[in-house]
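Right, one structure below, let's go through it.
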Amino acid sequence: MSDTLVNLSGLVETRSGSSRAPKTEHLFPLVSLAALKFSSENIDVAKTITSEGLTKQGRIDFIRDVSSQTGKEIFEFSTCNRVLYVGFDIHAEALASKLTDIHGLAQNPFEMSEGLDVWRQLVKVCSGLDSFIMGELQVMSQFRKSVNLHKEHGLINQYNAAFFEHVISANRGVRKQLGFTQTTESMLSLATTALENFLEGKGPTVAAVLGFGEMGAKAAEALLESEQTDVLVVSRNPEKSMARFPELAARCTMIPYENWRNKTPPLDIVISTIRNAESTYHADHPLPLNSDATAMDFSWPPSIDASTITGEQQLMGMEHWIKLSHKHGKEWDYEAKLNESETVIDDIEKRFTEALRNKSKGQFRAIIYGKMEELSKQWETSPHATADDVPQLGAFGREIATWICLQTGEFDLSDLSTFVANTERTLSSAMIAHVDHDVKRSVLALNEKSLVAGGAR
């Protein structure tokens, strides 16, 4: 049986127009969302639940820990104004409750959704409809990178990853129809514009930029373009920073943090772009300022706590940027654009669900998902099933159905056996063997029906 090739393509012809199409929620595994959009009122909570500020490995470990504690595959996505968790094979309330406990929160701060509502919300996020600046493109790049990170490090399997690919595909249609063909403004451009406005008419200033990543480099560039010649860049590793942006670095004074603390010149403006999980500067570790400077904190989580600001010094932090972005939003026809977006997404959602249910895909999926649902109910009452096996069998059946539906044309039955055997679910070996036997037997029977209906071998 290991070399048996099957082809189920003819099955769609065996389903007449009288057959019922599968429910949309059956076309994907159970998917849920727990999300928090940041505001000036919930920043303290936001800092505790986001992976922003962690190293790449720190973030990977963080996501693995959350998945381990929930017992489900979890996708985490953080930006400067939101954090969201997508859970598979777990209901939204259970996901939010687990996350609340994991982060040690007093109460559940998350907005929750399930099924297609999750898809819809993610499309809005990726399209810039849920951003500080409507239509900004940066979030789509961030989302794609996050999906790739989860895939590359085995944080989500390929079948759950396909859900996000549908989101990315829908995003392209939304942006095109709404006219978001180019990024209008992002947090990066908002910061640059704010800096340019601050410098306008001030004449020469003494400025320090903390950190020299993308945001730090943009800040230094904006200072130099505003004809500021005295630009100090403070870096953990000046040599590495100079190698990253050599031409820009050559126009600045590069120093390590040790020198910044010990030899701070009188400053007019300090721009922080430091990435840390906790505030770098606070009451117990204040900014080394000896002047009435303005501090602009473009970090998330915030790197400068308000407790370090004294006298006539001023802090422009995340609360300031949130308020500024909302002010911009009022200058647009924000509500009208949101209403238009709902219509656009409705249309894309309709086409999306129709595509899942069309003759070549939907009817086929109905057969496969129906058969696996039938088998999973039998498995739950099987003498091979342990008490720990039973709650997992329905979802396992849907995963097997998804694998079959993702095959194009002819496939080897041994590949299906390999998928079943290599499941990450904690099923007993006897149950896995039983599932493998039943699934192969059912697929062979379906293969015979496919051949009768004209399916190719």
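What follows draws every value from the coordinates through simple rules; no lab data is involved. Quantities reported herein were computed from a predicted structural model and do not represent experimental measurements. Every residue, glycine among them, receives a Cβ derived from its backbone with ideal geometry; neighbour counts consider all protein chains shown.
Worth a mention:
- Reachable aspartates and glutamates from Lys449, criterion Cα separation under 12 angstrom, eight or more residues apart if same chain: Glu13
- The overall shape of the stretch 75-168 is oblate: from the C-alpha gyration tensor, with semi-axes ordered a ≥ b ≥ c, the ratio a/c is 1.5 or greater and a/b is no larger than b/c.
- Met296, Met431 arranged by Cβ crowding within 10 Å, fewest neighbours leading: Met431, Met296
- Pairs over the 20 Å Cα-Cα cut-off, from the set Lys72/Lys151; Lys371/Lys440; Lys37/Lys72: Lys37/Lys72.
- Projecting the Cα atoms of Val270, Phe245, Thr192 onto the dipole axis of the stretch 187-316, where Lys and Arg carry +1 and Asp and Glu carry -1 at the beta carbon, places Phe245 farthest toward the positive end.
- Cα-Cα separations in the stretch 187-316 greater than 19 Å, expressed as whole percent: 44 percent
- Leu210 sits among other residues whose Cβ lies under 11 Å from its own Cβ, and their net charge, with Lys and Arg +1 and Asp and Glu -1, is +1.
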